[in-house]
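To start, the structure itself, in structure tokens.
The values are calculated or read from the model by the stated rules, or taken from the named source; none is laboratory data. Model, not experiment: these values are computed from the prediction. With ideal geometry, Cβ positions are generated from the backbone for all residues, glycine too; neighbour counts draw on all protein chains shown. Accessible surface is based on the protein model in full, side chains and every heavy atom, while ligands, DNA and RNA are left aside. Shrake-Rupley method; radii C 1.70, N 1.55, O 1.52, S 1.80 Å.
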Amino acid sequence: MSSQKNFYEVLGIEQSASQEQVRSAFRKLARERHPDRFQGAARKDAEREFQAITEAYNILSVLERRARYDQTLQSAGGSEGLTNPRELARAMLAKAVSLMKAGDTSRAGEFFSQAVAHDPQSAKAHHLYGSFLAQHGGRLEEALRQLDQAVKLDPLNVRVLLDASRLFARARMFTRATRLAETAAELSPDDPTVESWLQQLRQSARGEGGR
């Protein structure tokens, strides 16, 4: 399943589909693409597809979310946005940041999630969504997953490494946090912020027995 699809295309339905058609399409795809039906590399592909299917269903199955999503598709570029998911993802990301600054964290979270779903190769989207979840979402495990993915996609970005390191330290995963900070220090050896954080982190890790 290509990442170059909007949520309707992920489920294989028209934008005019009824809610029952949304549910039916999801149930069919969930059965066909459930990761337990696959092994090895095929299982990993199925896991990614199953996640995309679930994210699409979570938005389209709720009328209020679906209505906002439809408005986003239209405002982010109409027919052009429907065929250019990366541009749509960038528009969603900008909207999410704007909503977050305005204090509308509920809608901001939805737009961040949609941005990641539309462009899963965007390190910026994963980074901003993970940072948002860490601050507002109360979902530390998901925030860690998003920032870990951002690091994988952009391993030379000092800011991403530093933010990921801080969050892993918050989760008391000091070994991982230290490795990330050390990588940031190697990339930016004269950065006092990175050096200060690394020293603080090493002290905390010693106090925790280096977990």
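Some values worked out for this structure:
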item: Kirkwood-based shape ratio for the range 77-183, expressed as Rg/Rh from alpha carbons; result: 1.01
item: Within the chain, longest stretch clear of exposed GluC sites (Glu not before Pro) (DSSP loop, no more than 13 other Cβ within 10 Å); result: 15-207
item: Size descriptor, Kirkwood hydrodynamic radius, that averages inverse alpha-carbon separations across the range 141-211, Å; result: 11.8 Å
item: Extension gain from Val158 to Arg86, taking 0.36 nm per residue of separation minus the Cα-Cα distance; result: 23.6 nm
item: Extension gain (nm, one decimal) between Gln15 and Lys28, 0.36 nm per residue minus Cα-Cα; result: 2.9 nm
item: Backbone N under 14 Å from the Glu64 label point (7 Å along Cα→Cβ), restricted to the range 94-130; result: 105-110
item: Local electrostatic count, Leu147, Cβ distance below 13 Å [Lys/Arg +1, Asp/Glu -1]; result: +3
item: Value of relative contact order over the range 88-204, rounded to a whole percent, pairs C-alpha under 8 Å and six or more apart; result: 15 percent
item: The chain: proportion of alpha-carbon pairs further apart than 31 angstrom, %; result: 28 percent
item: Gap separating the Cα centres of the range 87-165 and the range 172-195, nearest whole Å; result: 21 Å
item: Relative contact order %, the chain, counting alpha carbon pairs below 8 Å whose residues are six or more apart; result: 12 percent
item: With Cα atoms, 0 to 90° folded angle of helix 19-32 axis to the chain main axis; result: 60 degrees
item: Solvent-accessible surface (1.4 angstrom probe) belonging to His136, in square angstrom, nearest 10; result: 90 Å²
